[in-house]
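One structure coming up, written as structure tokens, with questions to follow.
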Amino acid sequence: MSPAWSFALARLAGAIAAAIGLGLVFGRIGLWLTVVMGGMLCLQLVNLFRLQRWLRHRSQEAPPDLGGVWGDVITLIGRIYRRKQFHKRRVTQLFREFRRLTAALPDGVVLLSPGHEILWFNKVAAQMLGLRRAADRGMPIENLIRQPEFSTYLQGPLGGAGVVVRMQGGEKSLMLIVIPAGGQLLMLVRDVTREALVEQMRKDFVANASHELRSPLTVIAGYLDQLGEASELEVEWRGPIADMRLQAGRMREIVEDLLELSRLESSADEAPMLPLNVPELLERLVREARASTVTPPRLELDIKTDRWLLGSERELHSIASNLISNAIKYTPADGTITVRWTCDDAGAHLAVVDTGIGIAAEHLPRLTERFYRVDRARARASGGSGLGLAIVKHGLQRHGGHLEITSVEGQGSTFTAHFPSRRLVPATSVPGRARG
């Protein structure tokens with residue numbers, strides 16, 4: 001027990017003893033106890049009033065000198081207040097440092113509430129997004145950035161690569177990344193106008209160059225075909241002409257892949273919602289793959305569901321054929337490739353499982369980049385262009401899906417195309433096959 005409480009109990013005992021003593025001398029002990037205890041209660045009320053007054057006017061008045069338990073209470077309150085002031089100054093200092101740091105950043109920073117209301121933003125964000133400090137605080141960010149892709153991004157898992165939106169009449173491109181931060185949301189705003197222009201120039205160049213190359217390649221390949229089939233061609237020219245025909249064919253395949261990739265990249269809308277008989281399509285592709293290769297690996301078809309898919313037949317054919325041909329290129333003749341079509345609550349899944357050479361883990365994140373090859377020598381020997389998986393990625397994005405790749409080097413790989421459940425339809429509800 002603290003000394004203050006010992007003194008208070010001793011004083012209470014002394015007051016009771018004094019009241020009893022006075023009662024014994026003058027009579028009526030109960031009356032004297034009531035008077036003495038009432039006096040002590042009045043003293044406590046006076047001390048309580050002085051404490052309350054000090055708490056109300058703490059900045060103007062000094063703490064009262066009460067002593068005892070009340071003195072300990074005042075000491076504890078003063079200590080808590082000083083600690084609070086210290087933390088307040090510390091938080092204020094940290095906030096000022098944060099504001100100075102964010103002011104020095106080249107990127108915009110916006111602090112959002114869990115409901116996406118604007119709590120704070122720096123000057124760069126105000127300039128990029130056209131925000132006004134007095135009017136826009138407390139406003140939902142979706143009301144100020146009216147872009148469908150941004151609203152979709154906010155509804156999904158936050159973070160990641162973010163989303164690029166066009167602002168100010170399409171003249172400026174901004175990348176927005178929203179990161180969860182301690183119960184609130186931190187949105188980073190970066191000006192990627194230059195990068196977007198460079199990317200668009202690259203796409204335009206690839207598309208235009210591909211279109212311009214198609215005609216001369218067709219002419220060259222036609223003349224080479226005539227030369228290769230000419231009976232009067234000298235023997236020493238037959239080998240070079242055959243090599244030229246092969247390389248011309250590879251160039252035409254690359255041009256066609258570039259044109260297909262450019263078409264997918266330039267298509268901002270989703271794929272059409274036309275019913276496609278996926279099991280029948282996969283059966284046909286597997287049958288063609290078995291017939292087109294001299295010594296193909298063992299191809300197995302595993303159809304777990306008869307559900308159809310709503311989408312574009314051209315793009316779905318491209319997705320499935322690229323995954324199957326990619327597996328054939330990297331699977332030896334004694335290996336096995338399984339093409340599997342399944343569905344569950346999450347949607348539909350087209351998996352191509354092979355027992356080929358496998359892929360090292362460091363290559364997996366870059367496999368869908370255009371022209372990226374794990375083994376360039378093997379890709380050249382098999383005629384790969386390095387565009388197949390990029391086409392698969394963009395085709396899946398048009399269908400609201402994504403590509404998942406798992407692989408163990410030396411054991412094989414699994415490429416799974418995931419489609420959302422909204423694009424599934426029962427086969428019994430489709431009167432006939434439609435084409436997209």
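No value in this document is a laboratory result; all are computed from the given coordinates. Since the model is a prediction, treat every value here as computed from it, not as a measurement. Here Cβ is always computed from backbone atoms with ideal geometry, including for glycine, and neighbour counts include all displayed protein chains.
When the helix-only estimate is applied to the chain (DSSP H runs of n ≥ 4, each -39,500 (n - 2.57), divided by the residue count), what is the mean residue ellipticity at 222 nm, nearest 500 deg cm²/dmol?
Value at 222 nm, helices only, nearest 500: -18000 deg cm²/dmol.
Here is a follow-up. Taking N as the number of residues in the range 195-266, what is its alpha-carbon radius of gyration divided by 2.2 N^0.38 Å?
Rg over 2.2 N^0.38 Å, computed on Cα atoms: 1.46.
Report the Stokes-Einstein translational diffusion coefficient (µm² s⁻¹, integer) for the range 274-429, Rh taken as the Kirkwood radius over Cα pairs, at 20 °C with viscosity 1.002 mPa s.
D, rounded to a whole number, is 136 µm²/s.
What is the calculated FRET efficiency for GLU362 to ALA161, with r their C-beta to C-beta distance and R₀ = 22 Å, to the nearest 0.05?
0.70
Let me ask another. Using the basic label-point model (7 angstrom from Cα toward the beta carbon), what is the LEU76 to THR336 distance in nanometres?
The answer from the label model is 7.4 nm.
Taking a cut-off of 16 Å between Cα atoms, list the aspartates and glutamates near LYS123, but don't count ones fewer than 8 places away on the same chain.
GLU97, ASP107, ASP136, ASP191
Measure nothing but the geometry: give the 0 to 90° angle between the long axis through the Cα atoms of 278-292 and the longest principal axis through the Cα atoms of the chain, rounded to 10°.
The angle comes out at about 50 degrees.
In sequence order, what are the phi-derived ³J(HN,Hα) couplings for the range 335-352 according to the Karplus relation 6.51 cos²θ - 1.76 cosθ + 1.60 with θ = phi - 60°, rounded to whole Hz, with x for glycine and proline?
For the range 335-352, the Karplus-derived couplings read x, 10, 10, 10, 9, 10, 10, 9, 8, 8, 5, 7, x, 9, 9, 9, 10, 10 Hz, x marking Gly and Pro.
Would you please put 208-219, 322-333 in order of how densely packed they are, using the mean number of other Cβ atoms within 10 angstrom per residue and starting with the highest?
322-333, 208-219
Separate question: Return LEU176, LEU76, LEU224 ranked ascending by Cβ neighbour count within 10 Å, so the fewest neighbours appear first.
LEU76, LEU224, LEU176
Hey, how many Å between the Cα centroid of the range 113-127 and the Cα centroid of the range 47-66?
Here the two parts' Cα centres lie 42 Å apart.
Can I ask one more? Take every Cα-Cα pair in the range 148-211 and report what % of them are more than 16 Å apart.
56 percent
What lysines sit close enough to LYS393 to cross-link, taking a C-alpha to C-alpha distance under 25 Å and skipping anything fewer than 8 places away on the same chain?
Result set, ordered by chain and number: LYS203, LYS304, LYS329.
Note down the relative contact order for the range 195-266 as a percent, whole number, built from C-alpha pairs under 8 angstrom at least six residues apart.
Value for the range 195-266: 48 percent.
Follow-up question, since we're still on this one. Can you give the angle from 0 to 90° between the axis of helix 235-266 and the longest principal axis of the chain, with both taken from C-alpha atoms, to the nearest 10?
30 degrees
Compute the acute angle (0 to 90°) between the alpha-carbon long axis of helix 313-329 and the principal axis of greatest extent of the alpha-carbon atoms of the chain; round to the nearest 10°.
80 degrees
Between the DSSP loop rule and a limit of at most 15 other Cβ atoms within 10 Å, which GluC sites (Glu not before Pro) in the range 103-181 are left?
Taking the range 103-181 and a limit of 15 other Cβ atoms within 10 Å, the loop GluC sites (Glu not before Pro) found are GLU171.
Seen from all sides and averaged, what is the projected area of the convex hull of the Cα atoms in the chain, in nm²?
Across all orientations, the chain yields a mean hull projection of 40.0 nm².
Can you tell me the order of 364-373, 248-257, 80-89, 396-405 when each peptide is scored by its average per-residue count of other Cβ atoms within 10 angstrom, highest first?
With the highest mean Cβ count within 10 Å placed first, the list reads 396-405, 248-257, 364-373, 80-89.
Whole-Hz Karplus ³J(HN,Hα) for the range 110-119, in order, using 6.51 cos²θ - 1.76 cosθ + 1.60 and θ = phi - 60°, x for Gly and Pro?
Running phi through 6.51 cos²θ - 1.76 cosθ + 1.60 with θ = phi - 60° gives 10, 9, 10, 7, x, x, 6, 7, 6, 9 Hz.
I want the local charge near VAL255. Using Cβ-Cβ distances under 12 Å, sum +1 for each Lys or Arg and -1 for each Asp or Glu among the other residues.
-2
Right, here's the next one. List the residues whose amide H sits under 5 Å from the amide H of LEU299, counting only those 5 or more places along or on another chain, with H placed 1.01 Å from N in the peptide plane.
ILE337
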